[in-house]
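To start, the structure under review is shown below, and the notes come after it.
The values are calculated or read from the model by the stated rules, or taken from the named source; none is laboratory data. Worth saying up front: this structure is predicted, and the values here are computed from it rather than measured. Reconstructed Cβ throughout: ideal geometry from the backbone, glycine too, with neighbour counts over all protein chains shown. For accessibility, only protein heavy atoms count, side chains too; no ligands or nucleic acids. Shrake-Rupley method; radii C 1.70, N 1.55, O 1.52, S 1.80 Å.
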Amino acid sequence: MKNAFWALFKSMAASLRDLAPIIIVVVFFQLAVFGQPLPNLAELLMGLLFVVLGLTFFIYGLEMGLFPIGESMAHAFARKGSVLWLIIFAFSLGFGTTIAEPALIAVAAEAASVAANGGVIEATLNAKQSYANGLRYTVALSVGFAIVLGVIRILKGWSIQYMIIGGYCLVVLMTVFAPKEIVGIAYDSGGVTTSTITVPLVTALGVGLASSIRGRNPMIDGFGLIAFASLLPMIFVMAYGMVI
């Protein structure tokens, strides 16, 4: 119990250290550049406390729960030796974590509102909901396929450089032909997928899988799944924009 509290305290100190540059920048510009005192100081301090606590518990929870379970499941699939079940799990993991991403939900809802205001879709609740859901499911499907592609790369030992270069060449080519209204959303979709829920589990899966396969180096082969999870959504969303 004592060790757990000490680890939690160290995690809280690390969170405060990570937030320190942001705090310094905000305070400096507010006092030195704008020449104004911080508004609602008590509320700001309370909010900062909540941020530190939230970040601390989040990181501590990742280290305690998500990273170990991701690695243990990767080891279990490697021992089982079933490539089919591993691919099904990889797709389900990518799809499930992405569809639950708060950042993706927010971006999809905002994109639907902007599309309605710009006359791209009808300004009705059903039309906006349909557009947002279509965007979310498209991104989730793309991440599912991205994780499958990354897992196959680890199994086969393919070089990641050529796959990423080829993927971004396709992104550039599709940017020329995709509707301009969807290009920005597609590029942002590549970022919002790699957020709080997806990254820990996917990273743990890759490292655990590479550690379990003879001849694979976790540093070389275990990482890189997140790159695919950022790349494929851009391709899929631009294709989605061309279709609709």
Open item on the list: With the cut-off at 1.5 for a/c, could you classify the range 27-154 from its C-alpha gyration tensor as rounded, prolate or oblate?
Closed with: oblate
Open item on the list: Could you work out the relative contact order of the chain? I mean the mean sequence separation of Cα pairs under 8 Å and 6+ apart, divided by the number of residues, in percent.
Closed with: 25
- [ ] Rounded to whole Hz and in sequence order, give me ³J(HN,Hα) for the range 209-219 from the Karplus expression 6.51 cos²θ - 1.76 cosθ + 1.60, θ = phi - 60°, writing x for Gly and Pro.
- [x] 5, 5, 6, 8, 9, 5, x, 9, 9, x, 6
TODO: Heavy atoms only, probe 1.4 angstrom, no DNA, RNA or ligands counted: give me THR193, THR175 ranked by accessible area, highest first.
DONE: THR175, THR193
Open item on the list: Full-extension gain between TYR168 and ILE23, please, as 0.36 nm times their residue separation minus the C-alpha to C-alpha distance.
Closed with: 48.6 nm
Task: Sum of -39500 (n - 2.57) over DSSP H runs of 4+, divided by residues of the chain (222 nm, nearest 500) - done: -27000 deg cm²/dmol
Open item on the list: How high is the relative contact order of the range 135-244? Use alpha-carbon pairs under 8 Å, at least six apart in sequence, and give a whole percent.
Closed with: 48
Task: Mean Cα-pair separation over length for the range 1-143, i.e. relative contact order, pairs under 8 Å, 6 or more apart, % - done: 19
Task: Unit charges on C-beta of K, R, D, E only; dipole of the chain, Debye - done: 780
Task: Percent accessible area from carbon and sulfur atoms, the chain, protein chains only, probe 1.4 Å - done: 71
TODO: Report the FRET efficiency, 1/(1 + (r/R0)^6), for GLU122 and THR175, where r is their Cβ-Cβ distance and R0 is 25 Å, rounded to 0.05.
DONE: 0.40
